[in-house]
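A short write-up of the structure that comes next.
The values are calculated or read from the model by the stated rules, or taken from the named source; none is laboratory data. Just so it is clear, the structure is predicted and the values come from calculations on it, not from any experiment. Here the Cβ positions follow ideal geometry from the backbone for every residue, glycine too, while neighbour counts run over all protein chains shown. When the accessible area is computed, the model is the full protein with side chains, heavy atoms only, and any ligands, DNA or RNA have been set aside. Shrake-Rupley method; radii C 1.70, N 1.55, O 1.52, S 1.80 Å.
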Amino acid sequence: MRRVAGTARPDWAARVEALGFDFHTIDSAPYWDESAHYEFSLAEVEAVEDAADELHKRCLDAVEHVVRKNLFGKLAIGETGRCLVRETWERGDPTLYGRFDFAFDGNGPPKLLEYNADTPTSLFEASVIQWQWLEDRFPGADQFNSLHEGLVERWREIVGAGSGWNSLHFACVTPHAEDEGTTRYLMATALEAGVSTKLLGMQQIGWNGRVFVDHEDDVIERLFKLYPWEWLLREEFGQYLHASSLGLIEPAWKMVLSNKGLLPLLWELFPDHPNLLQAEFEPPPADIPHVKKPLLGREGANVSIVRDGAPLASADGPYGAEGFVYQVYQPLPEFAGNHAVVGAWMVGDKCRGMGLREDASPITRNTSRFVPHLFR
Amino acid sequence: MRRSRRVATLLFSGTCLVSLAACEEAADLRVFADVQDCMTQHDENTCMQQFAQARDQHGKEAPRYAEKATCEELYGEGKCVPANAASGGTQSWFMPALAGFMLARALGGPTAQPVYTDRSGYAYVGGRSWGAYQAQGRGGALARTPDAGTSRGGFGQTASRSSGSNGSSSLSSGS
């Protein structure tokens with residue numbers, strides 16, 4: 001694994017915009033950055049793929065464990081959440097996708113930092129935009145990326161399971177270029193699989209006392225939501241989720257996996273697993289460098305790295321009220337002053353692609369640049 | 001590991017009201033962005049006249065919103081313009097910008113019609129109602145009229161809460 005500095009396509013902005021990628025720049029700083037790329041060997045790519053496939057299975061074990069042992073309290077999941085997790089888990093409600101974030105420098109096993117199992121973004125760039133870049137710049141090279149076919153196939157499986165998933169509403173926060181882009185891309189993959197779709201803003205969802213309805217008063221029976229479960233549950237309509245028979249993607253059981261409490265649970269179940277970092281619900285002794293993460297947080301917010309008892313780096317944000325977990329500090333590999341994190345994309349139960357983000361800070365944020373990759 | 005050549009796009013093109021595949025064969029059903037676009041299919045006179053009709057209709061019938069934010073929520077950022085104060089009132093209104101027009105004969109009606117595209121790229125003809133927003137009263141003024149008994153806005157509250165000093169208006173739901 002190495003970082004190769006190069007030059008961007010002279011017309012890169014026009015090229016990616018032609019595909020509908022309208023959030024390549026965030027607050028006038030580049031988000032999509034093709035002035036460099038990462039190059040992997042096949043063996044390295046396979047290490048990422050194998051780690052993701054393996055960890056996904058261990059994560060399903062962890063959900064089963066939480067449900068059987070009633071460990072919801074550790075995850076700050078309340079009464080409605082518990083019912084929904086149990087129900088959707090026992091019924092086997094389908095998952096569409098998720099993204100593992102790994103610390104990986106090409107040597108040794110990839111180490112799990114977290115599982116974005118509920119509302120992962122950067123999917124469109126990983127699936128479509130970096131592929132276009134590969135075809136334009138390195139048509140002879142390869143890329144770990146069968147995300148698009150994977151998503152279309154997965155939708156077909158979900159529809160084939162025959163529980164009304166052939167018609168689906170898609171909702172996200174509007175206006176929000178990145179969330180809308182991700183949602184619309186997923187909608188396109190569903191359309192390709194023959195699902196009929198309808199898009200609306202989260203704020204437009206209505207409740208008529210019996211069922212959820214859309215902005216045109218059509219009943220919402222199945223919903224893809226790019227909106228965190230813990231937010232759904234604490235908002236005004238959250239109380240109706242159980243009574244309504246609304247089916248959701250991602251399903252409620254995913255909230256066990258998107259919760260950082262997953263990390264100590266996994267360590268407890270599978271101590272010394274090669275892809276895990278030691279993690280606990282209690283802070284470790286001060287001399288152990290560790291990362292403090294909020295149970296429910298996103299985009300790196302409220303994460304702090306503690307070394308020699310003092311914060312090495314921290315990111316502010318609105319999270320942390322539900323508590324924290326403490327994970328042994330595994331520094332991200334640094335390339336020319338950039339900290340790189342490897343994202344491994346799960347579609348259904350299979351790892352289907354990879355996307356890299358890098359940042360000058362050791363904590364990856366929502367503004368961390370997306371840098372394309374290839375392998376030879 | 002490589003995948004097919006086909007690359008999906010987010011452009012669900014709002015320029016054709018029939019299915020995308022049928023677009024080419026249904027020139028009459030096309031939405032034209034402007035007179036020049038129209039002239040690729042029809043003569044200049046027809047296009048000028050029809051565009052003028054559509055623009056008239058737009059001035060009279062375009063959906064209007066009291067809040068710019070409400071308008072942009074439906075049609076997209078930067079897609080809404082101030083509406084002329086038609087009746088001399090002090091209330092200011094916002095309406096979606098004209099995205100294109102359709103020929104009268106395509107619609108089987110007496111006049112050409114303005115076309116608007118919502119923020120998702122779906123096209124809408126004329127001042128037709130969209131979602132729970134329905135025309136009320138004269139002058140095209142719009143008001144929100146949800147079904148009695150349906151409440152809305154019960155989701156999305158966390159995201160719309162301000163995330164503080166970094167200038168972004170909504171909290172990211174992604175991860």
Open item on the list: Take residue A:236 and residue A:219, extend 7 Å from each Cα along the Cα→Cβ direction, and tell me the distance between the two endpoints in nm.
Closed with: 2.4
- [ ] Tell me the label-point distance for the pair residue A:196, residue B:43, using the 7 Å Cα-to-Cβ offset, in nm and rounded to one decimal.
- [x] 4.3
Task: Amide proton proximity set for residue A:356, modelled H, under 5 Å, gap of 5+ - done: A:343, A:371
Task: Order of exposure, largest accessible area first, which applies to A:137, A:156 with probe 1.4 Å - done: A:156, A:137
Task: Estimated FRET transfer efficiency when R0 is 22 angstrom, pair residue A:161-residue A:65 (beta carbons, to 0.05) - done: 0.35
Task: Shielding by partners, peptide A:204-210 (average Cβ within 10 angstrom, other chains) - done: 6
Task: Reduction of at least 30 Å² in accessible surface, 1.4 Å probe, comparing all protein chains with the chain by itself, residues of the stretch A:11-28 - done: A:19, A:20
Task: Per-residue average of Cβ from other chains inside 10 Å of A:229-240 - done: 3
Task: Phi to ³J(HN,Hα) by Karplus 6.51 cos²θ - 1.76 cosθ + 1.60 over the stretch A:124-136, Hz, x for Gly, Pro - done: 4, 5, 5, 7, 10, 5, 6, 5, 4, 4, 4, 5, 6
Task: Cα-based reach from residue B:60 at 27 Å (exclusive), listing lysines while leaving out same-chain residues under 8 positions away - done: B:68, B:79
- [ ] For chain A, build the convex hull from the C-alpha positions and give me its volume per residue in Å³.
- [x] 135
TODO: May I ask you to find the residues of the stretch A:306-328 that are shielded by at least 10 Å² of accessible area once the whole protein assembly is considered instead of their isolated chain (probe 1.4 Å)?
DONE: A:318, A:319
Task: In nm, spacing of pseudo-spin labels at residue A:282 and residue A:310 (7 Å Cα→C-beta vector) - done: 2.7
Task: Per-residue ³J(HN,Hα) for the stretch A:5-17, Karplus 6.51 cos²θ - 1.76 cosθ + 1.60, θ = phi - 60°, Hz, x for Gly and Pro - done: 7, x, 10, 6, 4, x, 9, 4, 5, 5, 4, 6, 5
TODO: Amide H neighbours of residue A:26 under 5 Å, at least 5 residues apart or on other chains, H built in the peptide plane: list them.
DONE: A:31
- [ ] For residue A:313, enumerate residues with amide H under 5 Å from its amide H, sequence gap 5+ or separate chain, H modeled in the peptide plane.
- [x] A:305
TODO: Quick one: what are the phi-derived ³J(HN,Hα) couplings along the stretch A:25-31, Karplus 6.51/-1.76/1.60 with θ = phi - 60°, whole Hz, x for glycine and proline?
DONE: 10, 10, 6, 6, 10, x, 9
